[in-house]
1. Scan the stretch 424-441 and tell me whether some residue there is more than 26 Å from HIS357 (Cβ to Cβ), of a type in the set (Lys, Arg) and surrounded by fewer than 21 Cβ atoms within 10 Å (Cβ to Cβ).
2. Residue check: is ALA333 farther than 22 Å from GLU593 by Cβ, in a helix (DSSP H, G or I) and modelled with pLDDT under 95?
3. How many of the residues making up the stretch 284-319 are over 15 Å from LEU409 (Cβ atoms), among the aliphatic types (A, V, I, L, M) and under 14 Å from the mean Cα position of the chain (by Cα)?
4. If I go through the stretch 466-498 residue by residue, how many of them are part of a loop (DSSP other than H, G, I, E, B), modelled with pLDDT of 50 or more and more than 22 Å from VAL268 (Cα to Cα)?
5. Step by step: first the residues of the stretch 502-537, then only those that are free of Cβ contacts under 8 Å to residues at least 24 places away in the same chain and in a loop (DSSP other than H, G, I, E, B), then the one that is nearest to PHE326 (Cα to Cα). Which residue is that?
6. Among the helices (runs of 4 or more DSSP H) contained in the stretch 369-414, which hold 1 or more residues that are among the aromatic types (Phe, Trp, Tyr)?
7. Any idea which of (1) at pLDDT below 95; (2) farther than 20 Å from ASP571 by Cβ is the one THR423 doesn't satisfy?
Amino acid sequence: MAGDQHKEKGRVFTRRSLLMAGGQAALMSALAGRLYYLQVIHSDEYSVMADENRMNLQLLPPLRGRIVDRFGVEIASNRHNYRVVLIPEQTKSVTATLDALEQYVPAEAIDRERILKDVKRKRSFVPIPVVDNLSWEQFARINVNAPDLPGIQVDVGSTRDYPYGNLFAHIVGYVGAVSERDLQNQEYDPLLELPEFRIGKSGIEKYYDRTLRGKAGLSRVEANAYGRIIRELNRQEGIPGNDAVLTIDKQLQEFAVRRMGEESAAAVVIDIHTGDVLSMVSVPSFDPNAFASGISSADWKQLVEDPKRPLGNKAIGGQYPPGSTFKMIVALAALESGVINAGHKVFCAGHTQLGSHRFHCWKRGGHGKLDLENAISQSCDIYFYDIARKVGVDKIAEMAHRFGLGEELNIDMLGERDGLIPTKAWKQAVQGVAWQLGETYNTGIGQGYVLATPLQLAVMTARLANGGKKVSPRLVRSINGETLEGAVLPRPEPELDNLDLGISQKSLQHVLNGMYKVVNGPRGSARAAKIRVEGWEMAGKTGTAQVRRITRKERIEGVRKSDEKPWEERDHALFVGYAPFDDPRYAVSVIVEHGGSGSGAAAPIARDLLQETLRLDPLRRPSYDIAIRRPAGGEGA
């Protein structure tokens, strides 16, 4: 009996041993299979994952493309940025190191509060930026004295440089750090995440930012579990951004800025056949280098609070009543609609009556009887009140739009304003009231609701001077050597009765004759500003735009002279013109804010700009066979 029990226990133990051995065998098989799966079948995948834990890819910012003038002069480029960084783990006292650094760097250049915050926030081996844009002398002194500056390391990076400072500030613009708004508004680019990366904030820098930016490079580094970089394994440099060639002439731009001096003003010089903008000036200006390196709050406040608005580009964003520079548009509208001919005469007694309201001419005693050409040359307001009434505001508006007024011209910049050319429908829609005849009178002399930018006035003048060709302005000739599509318009065809704008040469000739007499006639409003070089004669039109209405009391007691008024109450001074008259090539517009009078403040500047433009390029002017010639006879011939 006992033997049987012992045998039964032996069998149970054997079964259990076999079951346990089978279970262990199954577990070992599963483990072996899993190890085979991981080490053989997926070995490559896990090898990559392991490498990714210790290998990091870092983006390398590319060099930004250059911006050059029409002759290749660099006006925006890149320069070395000598800078200092601090590695906290390499110094016993960050404060002591910064104290020692002040022997070589001005104390105000070191933002201690920001540095100490970064030291607490980041790992001790992560470099902390201390100061940028060191001079070569400072950089060299810090290098020589490096043993006395524990934790300090010098580095050489790249930063945007504007070698001519404020000369091209409004055209080229500037670069700045990427903001949260930039990240939200722009198409995603990993470069934007780099702390020191800069993007275009205004001007050409902003408009062509993507093409100037270039493509990022890559650096593959080995790092430990704490993120410390051990070594760089390989590096692929970024692709530099494309270069942009502008239409601007650096020499002419320099002359224009110097000529306009301390005024609050704007000027545009344009090639009437290609639309190339040779000079675009808005003064006063600012130094874009201050923005590229980080402008101080004090400097920013000074720029923002300046009444002459140095940050604004007056050439494309300033909207002004064009005053009498608008009279050529009114004249063409009247001629082309057939309500008058060039022989139409009006008697100017110095004022005209409309109901109970009296509209005055700028010349208190009046001009007497004038025809169209002499009304333009002497800028008679009464004449243009009369023809504006005859033709009506809507036809004036239609002609204005043909010449580029009241609409954006789509130049290569952001911030362009479209001005305003009023119509009856516009007033009804915006103000909910009907148009009044007195408003047509004001429109006839470029006042009232009419607004234009200096760029628009330059384009208007170019289209007048080139025989009615719809030329459009451009600032960029080529990107990376490739001419922009449609940038250069075809050569004008000779002696066409109707050019692109649909203006008859006969009507246009009368207007241009009047503009010639403005400068060269014995009674012209800008006769003191004529170009006295034979073959370079200028034609143009003065304009004086009121910024406040002259009261009846002032009319009776006598209007104060411009220099007796506060600066902000003085009239704006304008002039538009082109040269040479016999072979038109360049057009100009000038506005001097609160300059007093177009003939006294704006016309001399315009003359000097056109004369300098011709001086810089006197022999390379192609001959364009446009049927516009000097007046055959009469006053000013």
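The values are calculated or read from the model by the stated rules, or taken from the named source; none is laboratory data. Predicted, not measured: the structure shown is a model, and the values here were computed from it. We place every Cβ from the backbone using ideal geometry, glycine too, and count neighbours over all the protein chains shown.
1. Initially, the stretch 424-441 is screened for residues more than 26 Å from HIS357 (Cβ to Cβ), giving none.
No: the stretch 424-441 contains no residue that is more than 26 Å from HIS357 (Cβ to Cβ), of a type in the set (Lys, Arg) and surrounded by fewer than 21 Cβ atoms within 10 Å (Cβ to Cβ).
2. Details: farther than 22 Å from GLU593 by Cβ: yes; in a helix (DSSP H, G or I): yes; modelled with pLDDT under 95: no.
Criteria not met by ALA333.
3. Initial filter on the stretch 284-319 (over 15 Å from LEU409 (Cβ atoms)): 284-312, 314.
Next cut, among the aliphatic types (A, V, I, L, M) only: 290, 292, 295, 298, 303-304, 311.
Those left that are additionally under 14 Å from the mean Cα position of the chain (by Cα): 311.
The number of residues fulfilling the criteria is 1.
4. Initially, the stretch 466-498 is screened for residues part of a loop (DSSP other than H, G, I, E, B), giving 466-473, 475, 480-481, 484-497.
Now drop any that are not modelled with pLDDT of 50 or more, which leaves 466-473, 475, 480-481, 484.
If we keep only those that are more than 22 Å from VAL268 (Cα to Cα) too, we end up with 480-481.
So the count comes out to 2.
5. Of everything passing the filter in the stretch 502-537, ARG532 is nearest to PHE326 (Cα to Cα).
6. Working: elements: 372-378, 381-391, 393-402.
Per the criteria, 381-391.
7. Result: THR423 passes all but (1).
Yes or no, residue by residue, for (1) touching a Cys at 6+ places or on another chain (Cβ under 8 Å); (2) closer than 30 Å to HIS594 by Cα; (3) at pLDDT 90 or above:
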position: TYR226; (1), (2), (3): no, no, no
position: ARG231; (1), (2), (3): no, no, no
position: ASP243; (1), (2), (3): no, no, yes
position: VAL269; (1), (2), (3): no, yes, yes
position: HIS273; (1), (2), (3): no, no, yes
position: ASP276; (1), (2), (3): no, yes, yes
